[in-house]
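Following: one structure in structure tokens, then a few remarks.
Readers should treat all values here as calculations from the given coordinates under stated rules, not as data from a laboratory. Source: prediction; values computed, not measured. Using ideal geometry, Cβ is built from the backbone for each residue, glycine included, and neighbour counts are taken over all protein chains shown.
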Amino acid sequence: MLTRDLVKQLHREVDYAIETIANKHGLIVSTGAFSYNETEGRVKIKFQSLTENENGDIETPSERDFRLYADGYGLKPTDIKRVFVHNGEKFKITGLKTSRRKYPVSAERVKDKKVFKFSSSIVSMLLAS
């Protein structure tokens, strides 16, 4: 039977295993939340290829989009990886998802690397303060 504690443990183990495989192939990977009941569990796994920019740096598609489209969102391409404080917690900008109209900016919480979505206007304001 699947329990909450077992699913948490499985999530950690699956994350570690697929990250090892993704690194071997030069990819990045992320998992969604596990959903489960007593007899089965599911998780979404997403692989992304890395690209090289004109400076020879490796970047994710989300980082590339941030660099290309940041100006249209009131941000600067150089804001990628900048840290800002929101509600007393530090976040690092990780990219831009143009398909998300309301919250296009992705940022990870520094303490645990959990990814959050922000509006570009809030991020712009927080970077200015």
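How much net charge surrounds N53 when only other residues with a Cβ under 11 Å from its Cβ are counted (Lys, Arg +1; Asp, Glu -1)?
Values: positive: R64, R67; negative: E52, E54, D57, E59, E63.
Charge balance near N53 sits at -3.
Along Cα→Cβ, 7 Å out, is where each label goes; now give me the distance between the ones at K90 and R12 in nm to one decimal.
Once both label points are built, they end up 2.4 nm from each other.
Would you compute, for the Cα atoms of the chain, the largest minus smallest coordinate along each principal axis and list the three values in descending order, in whole Å?
Principal-axis extents of the chain (Cα, largest first): 50, 35, 25 Å.
Of I122, Y16, L2, which is farthest on the positive side of the dipole of the chain, counting Cα position, with +1 on Lys and Arg Cβ, -1 on Asp and Glu Cβ, and the Cα centre as origin?
Farthest along the dipole direction, towards plus: I122.
Round to a whole angstrom and tell me the spacing of the C-alpha centers of segment 59-96 and segment 20-47.
Using only Cα atoms to place each centre, the spacing works out to 25 Å.
What span do the alpha-carbon atoms of segment 58-128 cover on each of the three principal axes, reported in whole Å from largest to smallest?
Answer, in whole Å and largest first: 29, 26, 21 Å.
Around S119, under 15 Å between beta carbons, what's the net of Lys plus Arg minus Asp minus Glu among the other residues?
Working: positive: K97, R100, R101, K102, K117; negative: D79.
Spelling it out: positives minus negatives among the neighbours equals +4.
Sequence-distant or interchain residues sharing an amide H contact under 5 Å with F116, placed H: which?
For F116, the qualifying residues are A107, E108, R109.
So, by mean Cβ neighbours within 10 angstrom, what's the order for 99-111, 5-17, 61-73 with the highest one leading?
Values: 99-111: 15.2, 5-17: 12.2, 61-73: 17.4.
Highest-to-lowest ranking by the protection proxy: 61-73, 99-111, 5-17.
From zero outward in steps of 10 Å, how is the percent of C-alpha pairs of segment 4-49 spread across the bins?
Reading upward from the zero bin: 26, 51, 20, 3.
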